[in-house]
Amino acid sequence: MKGGGQLSKISLKNICKKYEENEDYSVKDFSIDIKENEFIVFVGPSGCGKSTSLRMIAGLEDITSGELYIDGKLSNDLAPKDRNIAMVFQSYALYPHLSVYDNIGFGLKIRKLDKKIIDEKVRSTAEILSLTNYLNRKPKDLSGGQRQRVALGRAIVKESDIFLMDEPLSNLDAKLRVEMREEIVNLKNKLGSTVIYVTHDQTEAMTMATRIVCLNDGIIQQIGSPRELYTNPINAFVAGFLGSPAMNFINGEVKSGAFYDDKGNKILSGISLEDRPLTLGIRPEALELSNSEGLPFSVNLIELLGSDYNISGKLFGNKIILKCDLEKNPRDKGELFVKIPREKTYFFDRDSGDRIFIGESYED
Ligand code: ADP
């Protein structure tokens, strides 16, 4: 193998994309080696370049510069049909007049495969997806989840070992999304395939990925396991994007070993950083509720989410959200205070957002 690296299934080297009509690049210097059997999730806000990156891998969009290797072979100019890749889109557009059987088998029929072979492939695909009993139904007589499974079936039946998925669950309701998340991960494990999955939903990224690629403004911010990105974010963008509710940020400065907010209120002492403006970051679940110690917490909203509460409020005018479990019923507590454990804090540069400090709880 040349260029792509020994075990890489897909390898992107400094891939860039500039649409002619746009002034800026949509994707800049995208590089990653993806191994066989990985479940890679591209995550980031709308417009950050996730779909463009995926579409360049699929061959649906030209690569402006950089190199794309598939199975070690330079593939920039390879036609989509020759890339041996299966794709599942958000709008899965099943053929409404065709049965499930014919929807799954459509691509094979187009390729003029033998009827008997098509039959075998369609039936084994339907078996994998628990669709055997629905083969004669039309899409309108299926539930949303079943329709999505048919769309997956159309991809699986191609027997490709690379799946590209672009927001495949975004049309489903919340409960079904959770079920389908699990189904897709199980399916990937069953088929032993490599998956690249695009989503703006950080929960999907956290729960499905073996590795997450977090993007902003066409630039990779960080690549790593969900846990790595959650506990060890490289900058304020990644820290704020992954996690729900999002990390709390308080702008201020370090002065003589303490952190003060922008209005000069002392937020935290015992800081061993030199004097400078910084942003403090602390996760909602890292904050501790107290009825006697800490900073006065003016509560605005208490939301019960089942096993825990999200409590929104302010610390000296700085908006924060705290997460605590059900036993600590905040309604019984009267006046509330919040403690910020130093070992669970992060500090970020106020201009660049780069992380410059991580509390010892999160150090490797
Ligand atoms: P995402 O998938 O993260 O929402 P996209 O990859 O769709 O982001 O878009 C990245 C950027 O490229 C955006 O600024 C978008 O407007 C631009 N873009 C996407 N597709 C096209 C296109 N066909 N022509 C021109 N600009 C595009």
If Lys and Arg each add +1 and Asp and Glu each add -1, what is the summed charge of the other residues whose beta carbon sits under 14 Å from the beta carbon of residue 52? -4
Determine, from the Cβ-Cβ distance of residue 31 and residue 292 and an R0 of 35 Å, the FRET efficiency 1/(1 + (r/R0)^6), rounded to the nearest 0.05. 0.10
Which residue, 129, 54, 142, tops the fluctuation ranking in a GNM of the chain built on C-alpha contacts under 10 Å? 142
Reachable aspartates and glutamates, given that their alpha-carbon falls under 15 Å from the alpha-carbon of residue 50 and they are not under 8 places away in the same chain: 29, 61, 62, 166, 167, 201, 204, 217
Let a ≥ b ≥ c be the square roots of the eigenvalues of the Cα gyration tensor of segment 63-124; is it rounded (a/c under 1.5), or, if not, prolate (a/b larger than b/c) or oblate? prolate
What is the sum of charges, Lys and Arg at +1 and Asp and Glu at -1, for the other residues whose Cβ falls under 9 Å from the Cβ of residue 76? -3
Local electrostatic count, residue 246, Cβ distance below 13 Å [Lys/Arg +1, Asp/Glu -1]: +2
Which residue, chosen from 145, 243, 341, occupies the Cα position most advanced towards the positive end of the dipole of the chain, where the dipole is computed from +1 (Lys, Arg) and -1 (Asp, Glu) charges on Cβ about the Cα centre? 145
Short version: ³J(HN,Hα) in whole Hz for each residue of segment 167-173, in order, from phi by Karplus 6.51 cos²θ - 1.76 cosθ + 1.60 (θ = phi - 60°), x for Gly and Pro, what are they? 6, x, 9, 6, 8, 9, 6
Stretchable slack from residue 171 to residue 269, in nm (0.36 nm times residue separation minus alpha-carbon distance): 30.5 nm
Which GluC sites (Glu not before Pro) from segment 107-189 combine a DSSP loop assignment with at most 16 other Cβ atoms within 10 Å? 159
For the chain, size of Cβ-based charge dipole, Lys and Arg +1, Asp and Glu -1, in debye: 1280 debye
Hey, got the dipole for segment 19-120? About the Cα centre, +1 on K and R Cβ, -1 on D and E Cβ, debye to the nearest 20? 580 debye
For residue 179 and residue 256, FRET efficiency with R0 = 56 Å and r from the beta-carbon atoms, rounded to 0.05? 0.55
At 0.36 nm per residue, minus the direct Cα-Cα distance, what do residue 97 and residue 74 gain on full extension? Give it in nm, one decimal, please. 4.3 nm
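Rule-based calculations on the coordinates, nothing more; no lab input. Everything numeric here is computed off the predicted structure, so don't read it as measured data. Reconstructed Cβ throughout: ideal geometry from the backbone, glycine too, with neighbour counts over all protein chains shown.
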